[in-house]
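Enquirer: Just dropping this structure here.
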Amino acid sequence: MKFTFTEKRMDSSPSLREYAIKKISKFDRFFKTEAEAFVTFSVERGRYLAEITIHNNGMYYRASELTHDMYASVDSGVAAIERQIRKNKTRLSKKLRDGALEREAIPEYMSAEDEEDEEFKIVRRKHFSIKPMSPQEAILQMNLLCHEFFVFKNMDENDAVSVVYKRHNGDYGIISDEGEDE
């Protein structure tokens, strides 16, 4: 597994990095190909935040834990990702089409601090390739990323650009540029 560490408002010790590598490396057994781990350590109001994102074959697993101890934050983040992987591994193999995990979708993050709209300030801009997938796969990816919505090309509607979103009652909705409203 390849690791990338980022620190915000703090300096991490080599022992903390080694601890994170040891804990996160156990996920290698879940993946067929080499995964990438992005770990961010930061301090917010005297509490320690560990953000862990694992990318493997187009799927992202993410956890963010805030505690009074950075080691505990790493442990909690690892436990949360392990629950995600165990919960969704079965779901992926049963419900999604073959080859769903072999696709690569790499988002590019770009800061837009210099760009400013008169009414709205854009503070972050993301560019990513929109891949064809089923609505079920898009909902799964949205949940793995802990996002409220997810943009994708809907295979069920001739690759129409669609958005799945989580409704207030816990159900899901879909918005599409083509097709009939339900």
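The values are calculated or read from the model by the stated rules, or taken from the named source; none is laboratory data. All values derive from a computational prediction rather than experimental measurement. Backbone-built Cβ (ideal geometry, glycine too); neighbour counts: all protein chains shown. Surface accessibility is based on the protein's heavy atoms, side chains included, excluding ligands, DNA and RNA. Shrake-Rupley method; radii C 1.70, N 1.55, O 1.52, S 1.80 Å.
Enquirer: Can you order the peptides 128-137, 68-77 by their average number of other Cβ atoms within 10 Å per residue, highest first?
Expert: In descending order of packing, they fall as 68-77, 128-137.
Enquirer: In the structure displayed, which of 126/166; 2/32; 22/87 lie more than 24 Å apart, Cα to Cα?
Expert: none
Enquirer: Between residue 43 and residue 31, what is the spin-label point distance in nm, taking each point 7 Å from the Cα along the Cα→C-beta axis?
Expert: According to this spin-label approximation, the distance is 3.1 nm.
Enquirer: With each pseudo-label sitting 7 Å past Cα toward Cβ, what's the residue 13-residue 86 distance in nm, one decimal?
Expert: Using points 7 Å along Cα→Cβ, the separation is 3.0 nm.
Enquirer: Send over a whole-number figure in Å² for the accessible area per residue of segment 5-92, probe 1.4 Å.
Expert: So segment 5-92 comes to 53 Å² accessible per residue, rounded to a whole number.
Enquirer: Can you compute the modelled spin-label distance between residue 148 and residue 168, with each label point 7 Å from Cα toward Cβ, in nm?
Expert: Rounded to a tenth, the inter-label distance reads 1.2 nm.
Enquirer: Which FRET efficiency value, to the nearest 0.05, is calculated for residue 161 and residue 57 with the Förster distance at 22 angstrom and r the Cβ-Cβ distance?
Expert: Once rounded, the FRET efficiency stands at 0.45.
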